[in-house]
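Computed from the coordinates by the stated procedures, all read-outs in this text should not be read as laboratory data. The shown structure was predicted, so the numbers you read here are calculated from the model rather than taken from an experiment. As a convention, Cβ positions derive from the backbone with ideal geometry for all residues, glycine included, and neighbour counts pool all protein chains shown.
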Amino acid sequence: MELIKIQVTVNGSKEILEVPPNLSLLNMLRENLTLTGTKSGCEAGECGACTVLLEGEPVNSCMVLAVECSGLSVETIEGLSQEEPMKKLQKAFMDLNAIQCGFCTPGMLISAFALLRRNPDPSDEEIKIALLGNLCRCTGYERIISAVKKAARR
Amino acid sequence: MNQPHPRLPEFKYYQPKSSKEAVDFLTKHADQSRPYAGGTDCFNQIRDKRIHPKYLVDLKSIEGFRKIKFDPKKGLTIGAAVPLNKIISHPKVLEYYPVLIEAAREVGGYQLRNRAALVGNLCNASPCGDTIGPCLTYRSKVHIVGPDGRHEVDLKDFFEGPGKTCLQSDEIVESISFPIPQLGTRGTYQSIGRNKLGDLAIAAVTVLGYEKIDSSSGYEFLLTLTAVAPTVIFVESAQDILKTEPINHSTLEQAALACAEACKPIDDIRSSAHYRRDMIQMLALRGLEKTCGLLNLPL
């Protein structure tokens, strides 16, 4: 299959890769760059486990082709973990046990991070709307919503 | 590494920089190509093996395709690759076309709406696409370019059936435009789905209403129904009732009943036809009552 050369900035570092057109951003991150913090769930744009920031906005990385990212910047959970408000979010998730199996957590954190950047003091309803595209099969969501609120108030 | 899900099958990727480049490419590879904007429907159709394109034509890099333009006289124009979140957050869309925002918020989660494009939604022509009802009701037009040049089509004439539009395989939609609504227009999008996670609608109603001096009721209402016919449909019988009869509770109930009678729902995985028809009547009444409230129209 033909390979297309792309240059993409991932977590601040420039990567030059040769990728096939059918490679998703998700698989590029996990396989080519071994950034496995981004999880592969439904691969249909519904569960949000693969959420990353593309040009600063959250997207389902399973629904983006790697070739579409040429010249763009991507941030994953690995790159954001030392930034605020991510550190506050991570601490609040741990403090309130907003994690059980943890599979949804990276995507959940990225969506919450993007929410707090555009709205530093969200209401419960605004948090629910922002996290609607992130499914969790364990926690029942209440603790996740509380953790996002706690991080916002710190 | 083991793959939990199959990869997308092989295809070639083409990124035109102009409409002409896109149309030239599509003319050459008409039946083997799939133009796309956000890809949120297209990639799932490829993964599910419902379509097998040899070429994917990515329209996002075409000049102007990611722009929203507003002119106080001509109205709103939305480029074919503008993602839904850009539309939702646009101040002029909120001011003049708020019902479009109501419906766009029903599509997927926040991160999906950063990719999903309004025009892509229209070109997929799903009878249950949330954004189609408001686009029809605001009387939008789609702007098409093909090998013979540009032309525009009223959105109501664009759809030919589930998944079918009048778009030819060598044509693309460049943008969708909306005229300025009548002064004082108010309305709402009322829908139900199986869950709140942006599942396609089981049934939905778009209502717009405004004062109209030359109608017997003093008002005109526009009503469209989603997910209850092969395409999204206007309900002229209900609109006529609301134009000729004085607006009160009984008239709204008659109009809602006319909506239930006009629809042609089917049984599918989301709902039975019977339930859809009942819900259309309820949603139409709810939408009309809400619109009357927004118009400060006492019932």
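Let me know the volume per residue of the alpha-carbon convex hull for region A:4-76, in Å³.
Working: hull volume 5.1 nm³, N = 73.
Hull volume normalised by residue count: 70 Å³.
Report the equivalent ellipsoid semi-axes for region B:176-299 in whole Å, largest first, defined as the square roots of five times the eigenvalues of the gyration tensor built from alpha carbon atoms. Write out the running numbers ahead of the final one.
On the way: eigenvalues 127, 48, 32 Å².
Largest first, region B:176-299 gives 25, 16, 13 Å.
Share of Cα-Cα pairs in chain B beyond 37 Å, in percent? Don't jump to the answer; show the numbers that get you there.
Numbers: 7173 of 44551 pairs.
That tail contains 16 percent of the Cα-Cα pairs.
Over all directions, the average projected area of the alpha-carbon convex hull for chain A comes to how many nm²? List each step's numbers first, then the result.
Details: hull surface 33.7 nm².
Mean projected area for chain A: 8.4 nm², to one decimal.
Calculate the all-directions average of the projected area of region B:48-133's alpha-carbon convex hull, and give it in nm².
Values: hull surface 26.8 nm².
Projected area, direction-averaged: 6.7 nm².
I'd like the orientation of helix B:249-262 relative to chain B: the angle between its Cα long axis and the longest Cα principal axis, in ° from 0 to 90, rounded to 10.
Its long axis makes an angle of about 40 degrees.
Determine, for A:Lys128, B:Lys141, B:Lys164, the number of other Cβ atoms within 10 Å of each Cβ, and report the residues in order from fewest to most. Don't jump to the answer; show the numbers that get you there.
Details: A:Lys128 15, B:Lys141 20, B:Lys164 12.
Arranged by neighbour count, lowest to highest, A:Lys128, B:Lys141, B:Lys164 become B:Lys164, A:Lys128, B:Lys141.
Quick one: grab Rg to one decimal and Dmax as a whole number for region B:244-299, Cα atoms only, in Å.
Over region B:244-299's Cα set, Rg and Dmax evaluate to 13.0, 40 Å.
Using only the C-alpha atoms of region B:53-103, find the volume of their convex hull and express it per residue in Å³. Please report the intermediate quantities before stating the final value.
Numbers: hull volume 4.9 nm³, N = 51.
Given the Cα convex hull of region B:53-103, per-residue volume reads 96 Å³.
Using alpha-carbon positions, what is the distance between the centroids of region B:150-176 and region B:211-266, in Å?
Comparing the Cα centres of region B:150-176 and region B:211-266, I get a distance of 26 Å.
When the Kirkwood radius is taken over all Cα pairs of region B:12-55, what Stokes-Einstein diffusion coefficient follows at 4 °C and 1.567 mPa s, in µm²/s? Spell out each step's value before the answer.
On the way: Rh = 11.0 Å.
Stokes-Einstein gives a translational diffusion coefficient of 117 µm²/s.
How do B:Tyr189, B:Tyr138 rank when sorted from fewest to most other Cβ atoms within 10 Å of their own Cβ?
On the way: B:Tyr189 29, B:Tyr138 25.
With the sparsest Cβ surroundings first, the list reads B:Tyr138, B:Tyr189.
What is the Rg over Rh value, at two decimals, for the protein assembly as shown, using alpha-carbon atoms and the Kirkwood definition of Rh? Display every interim value, and only then the final one.
Working: Rg = 22.8 Å, Rh = 23.2 Å.
Reported Rg/Rh (Cα atoms, Kirkwood Rh): 0.99.
Treat the count of other C-beta atoms within 10 Å as a stand-in for reagent exposure and order B:Thr137, B:Thr185 from fewest to most. Before the final figure, lay out each step's value.
Working: B:Thr137 28, B:Thr185 22.
Starting with the residue having the fewest Cβ neighbours, the order is B:Thr185, B:Thr137.
Could you name the lysines in cross-link range of B:Lys20, using Cα to Cα under 17 Å and dropping any fewer than eight places away on the same chain?
B:Lys28, B:Lys60
Who wins for biggest fluctuation among B:Arg47, B:Arg186, B:Arg34 in a Gaussian network model of chain B, springs between alpha carbons below 10 Å?
Of B:Arg47, B:Arg186, B:Arg34, the Gaussian network model singles out B:Arg47 as fluctuating most.
Kindly provide log₁₀ I(q)/I(0) values, in the same order as q = 0.19, 0.29, 0.31 Å⁻¹, from the Debye equation applied to equal alpha-carbon scatterers of region B:159-208.
For the requested q values the scattering log ratios are -1.00, -1.03, -1.08.
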